[in-house]
Amino acid sequence: MTEQPRTKTQINDATGKTVAENVRRLREKRGWSTYNLSAKLKEVGRPIAPSAVAKVERAERRVDVGDLAALAAVLDASPAALLLPLDDDPDHLLDVTGAGRVPADAAWAWAFGQRPLKVTPGREDADLLEYQLNALPPAQVRMRQQPLWRALQAADESVGDLLREGGAFVEGDDDYFADQVHRARRALERVGAELDHLEGTRAAEAAKLKRWAEAAKKPGEGDDGTSLD
């Protein structure tokens, strides 16, 4: 009986192919062979044979979540750097398994826990809060609800747009560039205002604590000097 040739596994989903490409890209960037990467994985307790590493890079072997975490750790990259193409141009679309084609910058913001991949018009704030509650630890959620954090995020986006689009001169774009500068300046001014507010609030709280401490040294008097009796 003639033995049938063994068929190769081929990963066809978009993210699986991206992982394969990124593992190879990051390995070659470090100047490692598949044997070197295999040895590093063995050292951290997640052994993958050199031949299996090669299959991963050819999208002929699936990478489970444990493999993904180990590969990211050994290659000194975030899991997002394996899951997404190295492209965050908002004018480019990326294929994300389960989500379809989405803007590249939105995909990276989603992967880094900044905002949901897609939002419902009119429910942007609610969708953002739900995403953060599901995706982030409690301390991060609380921090991101603070006005200063929101101001910083807005400034980051405004300055990012300015640097990304304002770097190349296009004839006739003076008004557009000036508008971007204005937006960035306003966003940074908002950060300054929030810092001033935070500083003022802290100073007021410190003054109140000082009054309480002084009142505690005078039995029978409140912090306003009136009797507590």
Notebook entry, point to check: For Arg58 and Phe112, what does the FRET efficiency come to when R0 = 25 Å and r is the distance between their Cβ atoms, rounded to the nearest 0.05?
Noted result: 0.30
Notebook entry, point to check: Quick one: if the Förster radius is 22 Å, what FRET efficiency do Ala203 and Leu148 give, using the C-beta to C-beta distance and rounding to 0.05?
Noted result: 0.90
Item checked: Cβ-Cβ FRET estimate between Leu128 and Asp173, R0 fixed at 41 Å, reported to 0.05 -> 0.85
Next item on the list: Compute the distance in nm between two label points, each set 7 Å from the Cα along the Cα-to-Cβ direction, one at Ala49 and one at Asp13.
Entry: 2.5
Note to self: Tell me the mean residue ellipticity at 222 nm calculated for the chain from its helices only (DSSP H runs of n ≥ 4, each -39500 (n - 2.57), averaged over every residue, nearest 500).
What the structure shows: -19500 deg cm²/dmol
Note to self: What number do you get for the stretch 64-148 when its Cα radius of gyration is normalised by 2.2 N^0.38 Å, N = residues?
What the structure shows: 1.20
Margin query: Can you tell me the length gained on complete extension of the stretch Lys218 to Ser33, counting 0.36 nm per residue apart and subtracting the Cα distance?
Written below: 59.1 nm
Check: Computed from the mean reciprocal separation of all distinct C-alpha pairs, what Kirkwood hydrodynamic radius does the chain have, in Å?
Finding: 22.6
Check: Given springs between every Cα pair under 10 Å in a Gaussian network model of the chain, which of Glu189, Glu157, Glu205 has the largest fluctuation?
Finding: Glu205
Next item on the list: Mind checking the full-extension length gain between Glu21 and Ala77? Use 0.36 nm per residue of separation minus the Cα-Cα distance, one decimal, nm.
Entry: 18.8 nm
Next item on the list: Work out how far the C-alpha atoms of the stretch 60-105 reach from end to end along every principal axis, then list the three figures in whole Å, largest first.
Entry: 32, 21, 16
Next item on the list: Under 18 Å Cα to Cα from Lys42, which lysines show up? Leave out anything in the same chain fewer than 8 places away.
Entry: Lys55
Item checked: Proximal aspartates and glutamates to Lys29, defined as alpha-carbon separation beneath 18 angstrom and excluding residues fewer than eight positions away on the same chain -> Glu21, Glu57, Asp76, Asp87
Notebook entry, point to check: Between Thr97, Pro47, Val19, whose Cα lies farthest towards the positive end of the dipole of the chain when Lys and Arg beta carbons carry +1 and Asp and Glu beta carbons carry -1, centred on the Cα centre?
Noted result: Pro47
Checklist line | Point-charge dipole on Cβ atoms (K/R +1, D/E -1) for the stretch 57-154, about Cα centre, debye to 20 | finding: 400
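Where a number appears in this text, it was derived from the coordinates with a stated rule and is not lab data. Being a predicted model, the structure only gives us computed values, none of them experimental. With ideal geometry, Cβ positions are generated from the backbone for all residues, glycine too; neighbour counts draw on all protein chains shown.
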